[in-house]
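> Before anything else, here's the structure in question.
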Amino acid sequence: EKGGYPHFMLKEIFEQPRSIMDSMRGRLVAENTQLTMSSIREYATRFKNAERILIVACGTSWHAGLVAEYMIEEFARIPVEVEYASEFRYRNPVIREGDIVIAISQSGETADTLAALELAKAKGAMIFGVCNVVGSSIARATDAGAYTHAGPEIGVASTKAFTAQVTVLSLMAMMIAEMRGTMELTALRTLMLEMEKIPAKVEQALLLDKEIQAISEIFKDASNFIYLGRGFNFPVALEGALKLKEISYIHAEGYPAAEMKHGPIALIDENMPVVVIATKDSSYEKIVSNIQEVRARKGRVIAIVTEGDTVIPQMAEFVIEVPNTHEALMPLISVIPLQLLSYHIAVMRGCNVDQPRNLAKSVTVE
Ligand code: M6R
């Protein structure tokens, strides 16, 4: 059942080229600049005229929502708010009839997410679901939706569901942008062509496994970790930290890199591993300075960089090179080494990777 892998989590990490492909299948033909998502087409007028999109989710799905916020705002120019379902449902949120609420959930059974969408529905918003489990409670409660075809995810730590969610949400962002005319057709086509190449690039990133295992050996006894990223890679920093916390029980903080100097920088000394997602994108120069700030305080930098980078390897103690892509799609690649890092560290610490203490696969109570 684990397909020869020692744990479901590792199997699911390695399934990602396939699950991403399955989540795109039938929806994207880049050559013809063609996107097919019938549920979005059906609600075309709502999406075209949406004044605001609210995203509700928990945990890793909330991180996928953050990536979607950056994409939808960038490509489709609709303001997006990403909400923790548990906070949203209890704080008398402002919901208007023209709002679209996107609920993201792997299991489709998360109690807070379900309650949040019911509340929004009662106030007249249109509810769109991005779920993995077919026929789940959330999928049934929505007006429309798009499934992530990740297949069953057994490991408590969400891996392939995250990349499948980001895949579907990217396609949605592209399609809404196309309908609203907010993106040049050539730019849209470039993005779509890049999207088609993602499964092969994820496959390539998975070849880093041995290298990451060696780095894990060095840091397995750390008691803290900091993860930093900017722009599209900021949610990836949060996701990397969450993966490490939940399965290895090492305290980890994810932060937007520039926010570091407003507090967390005080934590940095020669014992602090700092994972920096520093791929070549529009915030590259800025993140290079953030790495310098960490080095100046003797922090131990593990940098995720774009292959061929010659600058960061001179500054960081360890570099992990990933294939290049459009910056909006980088989370699909940059998250892979972080999943592997948390997996190997947890295994080396003797933790129960697939069923970490105190956690349930789906949180059906509040
Ligand atoms: O099934 P859902 O996507 O609604 O679950 C949400 C969270 O409970 C889930 O992502 C959780 O944070 C994972 N254990 C993260 O790996």
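The values are calculated or read from the model by the stated rules, or taken from the named source; none is laboratory data. Please read these numbers as outputs of a predicted model, since none were measured by experiment. We place every Cβ from the backbone using ideal geometry, glycine too, and count neighbours over all the protein chains shown. These accessible areas exclude ligands, DNA and RNA; they are computed on the full protein's heavy atoms, side chains included. Shrake-Rupley method; radii C 1.70, N 1.55, O 1.52, S 1.80 Å.
> Kindly report, to the nearest 10 Å², the accessible surface of His262 as traced by a 1.4 Å probe over protein heavy atoms only.
130
> Taking 22 Å as the cut-off for C-alpha to C-alpha distance, list the pairs among Lys48/Lys201; Lys160/Lys220; Lys160/Lys210; Lys197/Lys280; Lys11/Lys361 that go past it. Each step should come with its number before you reach the end.
Values: Lys48/Lys201 32 Å; Lys160/Lys220 24 Å; Lys160/Lys210 20 Å; Lys197/Lys280 18 Å; Lys11/Lys361 16 Å.
Violating the 22 Å limit, Cα to Cα: Lys48/Lys201; Lys160/Lys220.
> If I build a Gaussian network model for the chain, linking alpha-carbon pairs within less than 10 angstrom, which residue out of Ser248, Ser289, Ser158 has the largest mean-square fluctuation?
Of Ser248, Ser289, Ser158, the most mobile in the Gaussian network model is Ser289.
> Next up: Placing unit charges on C-beta atoms (Lys and Arg positive, Asp and Glu negative, everything else neutral), compute the dipole magnitude of region 179-328 about its Cα centre in debye, rounded to 20.
So the magnitude is around 280 debye.
> Now for a separate question. Under the Kirkwood approximation applied to all pairs of distinct alpha-carbon atoms, what is the hydrodynamic radius of the chain in Å?
With all distinct Cα pairs of the chain included, I get 20.6 Å.
> If you don't mind, another one. Given a Förster distance of 22 Å, report the FRET efficiency between Ser282 and Thr190 from their Cβ-Cβ distance, rounded to the nearest 0.05.
Details: r = 15 Å, r/R0 = 0.70.
Result of the calculation: an efficiency of 0.90.
> At 0.36 nm per residue, and after removing the present C-alpha to C-alpha distance, how many nm does the segment from Asn224 to Lys48 gain when stretched out fully?
Full extension of this stretch gives 58.8 nm more.
> From the P(r) of region 51-142, could you give the percentage of C-alpha pairs in the tail past 20 Å?
Roughly 26 percent, rounded to a whole number.
> Distance between the C-alpha centers of region 176-228 and region 47-88? Whole Å please.
Measuring centre to centre over Cα atoms gives 20 Å.
> Report D for region 233-287 in µm² per second (integer): Stokes-Einstein, Kirkwood Rh on Cα pairs, 10 °C, 1.306 mPa s.
Translational diffusion coefficient: 131 µm²/s.
> State, as an integer percentage, the relative contact order of region 233-360 based on alpha-carbon contacts under 8 Å between residues 6 or more apart.
On the way: 176 pairs, mean separation 37.1, N = 128.
Worked out over region 233-360, it gives 29 percent.
> Please list, short to long, the whole-number percent of alpha-carbon pairs of region 210-366 in consecutive 5 angstrom bins beginning at zero.
2, 10, 20, 23, 20, 14, 7, 3, 1, 0
> Let me ask another. How many percent of all Cα-Cα pairs in region 206-257 sit more than 13 Å apart?
62
> Continuing with this model, one more query. For region 68-224, just the Cα set please: Rg and Dmax, both in angstrom.
Expressed in Å, the Cα Rg and Dmax of region 68-224 come to 18.2, 53.
> Follow-up. For region 141-219, take N as its residue count and report Rg(C-alpha) divided by 2.2 N^0.38 Å.
1.45
> Moving on. Among Phe219, Phe75, Phe14, whose mean-square fluctuation peaks in a Gaussian network model of the chain (Cα, cutoff 10 Å)?
Phe219
> Quick one: 3J(HN,Hα) in Hz for region 358-366, Karplus 6.51/-1.76/1.60 with θ = phi - 60°, rounded, Gly and Pro as x.
Whole-Hz 3J(HN,Hα) from phi for region 358-366: 6, 10, 10, 4, 10, 8, 8, 10, 8.
> In square angstrom, rounded to the nearest 10, how much accessible surface does Thr186 have for a 1.4 Å probe?
It works out to around 100 Å².
> Mind grabbing the accessible area of Lys280 for me, 1.4 Å probe, Å², rounded to tens?
In the full protein context, Lys280 sits at about 100 Å².
> Further question on the same structure: Could you size up the charge dipole of region 77-167 around its Cα centre, putting +1 on the beta carbon of Lys and Arg and -1 on that of Asp and Glu, and report it in debye to the nearest 20?
Result for region 77-167 is approximately 100 debye, rounded to the nearest 20.
> Lys/Arg Cβ at +1, Asp/Glu Cβ at -1, dipole of the chain taken about the Cα centre: which of Tyr284, Met195, Val322 is farthest positive-ward?
Met195
> For region 281-365, go through all pairs of different Cα atoms, get the mean of 1/r, take its inverse, and jot down that Kirkwood value in Å. Please list the in-between numbers first.
Details: mean 1/r = 0.0655 Å⁻¹.
Evaluated on region 281-365, it is 15.3 Å.
> Under 8 Å for C-alpha pairs, at least 6 residues apart: give me the relative contact order for the chain, rounded to a whole percent.
The value is 19 percent.
> For the pair Arg357 and Ser289, how long in nm is the line joining their label points, each one 7 Å along Cα→Cβ?
Reported label-point gap for Arg357 and Ser289 is 4.3 nm.
> Compute the length gained on full extension between Tyr5 and Thr36: take 0.36 nm times their separation in residues and subtract their Cα-Cα distance, giving the result in nm to one decimal. Kindly include the intermediate steps, with their values, before the conclusion.
On the way: separation 31, 0.36 × 31 = 11.16 nm, distance 3.49 nm.
Extra length available between Tyr5 and Thr36 comes to 7.7 nm.
> Now for a separate question. Is the shape of region 286-336 best called rounded, prolate or oblate, per the rule: a/c under 1.5 gives rounded, else a/b larger than b/c gives prolate, else oblate, with a ≥ b ≥ c the square roots of the Cα gyration tensor eigenvalues?
Because a/c hits 1.5 or more and a/b exceeds b/c, region 286-336 counts as prolate.
> Also, quick follow-up: Taking the Cα centre of region 1-132 as the origin and placing charges on Cβ (Lys, Arg +1; Asp, Glu -1), which of Gly108, Met24, Tyr43 is farthest toward the positive end of the dipole?
Of Gly108, Met24, Tyr43, it is Tyr43.
> Another question, if that's okay. Cut-off 10 angstrom, C-alpha nodes, Gaussian network model of the chain. Which of Asn132, Asn92, Asn352 fluctuates the most?
Ranking Asn132, Asn92, Asn352 by mean-square fluctuation puts Asn92 first.
> Still on this model: Search the structure for amide H atoms under 5 Å from the amide H of Val301, placed 1.01 Å from N in the peptide plane, and list their residues when 5 or more places away or on another chain.
It is Val274, Glu317, Phe318, by chain and number.
> Convert each backbone phi in region 239-249 into a coupling constant with the Karplus relation 6.51 cos²θ - 1.76 cosθ + 1.60 (shift: θ = phi - 60°), then list the ³J(HN,Hα) values in order as whole Hz, x for Gly and Pro.
Working through the residues one at a time gives 5, x, 5, 4, 4, 5, 4, 6, 9, 10, 6 Hz.
> Restricting things to alpha carbons, find the Rg to Rh ratio for region 1-66 using the Kirkwood radius for Rh.
1.10
> Label points 7 Å out from Cα along the Cβ direction at Lys197 and Arg25: separation in nm?
For Lys197 paired with Arg25, the spin-label model returns 2.4 nm.
> While we're looking at this one, here's another question. Enumerate the calculated ³J(HN,Hα) couplings along region 68-73 in order (Karplus 6.51 cos²θ - 1.76 cosθ + 1.60, θ = phi - 60°), each rounded to whole Hz, writing x wherever the residue is Gly or Pro.
4, 4, 4, 6, 5, 5
> Shifting gears a bit: Take the alpha carbon gyration tensor of region 186-297, find the square roots of its eigenvalues, order them as a ≥ b ≥ c, and report rounded if a/c is under 1.5; if not, report prolate when a/b exceeds b/c, else oblate.
Oblate.
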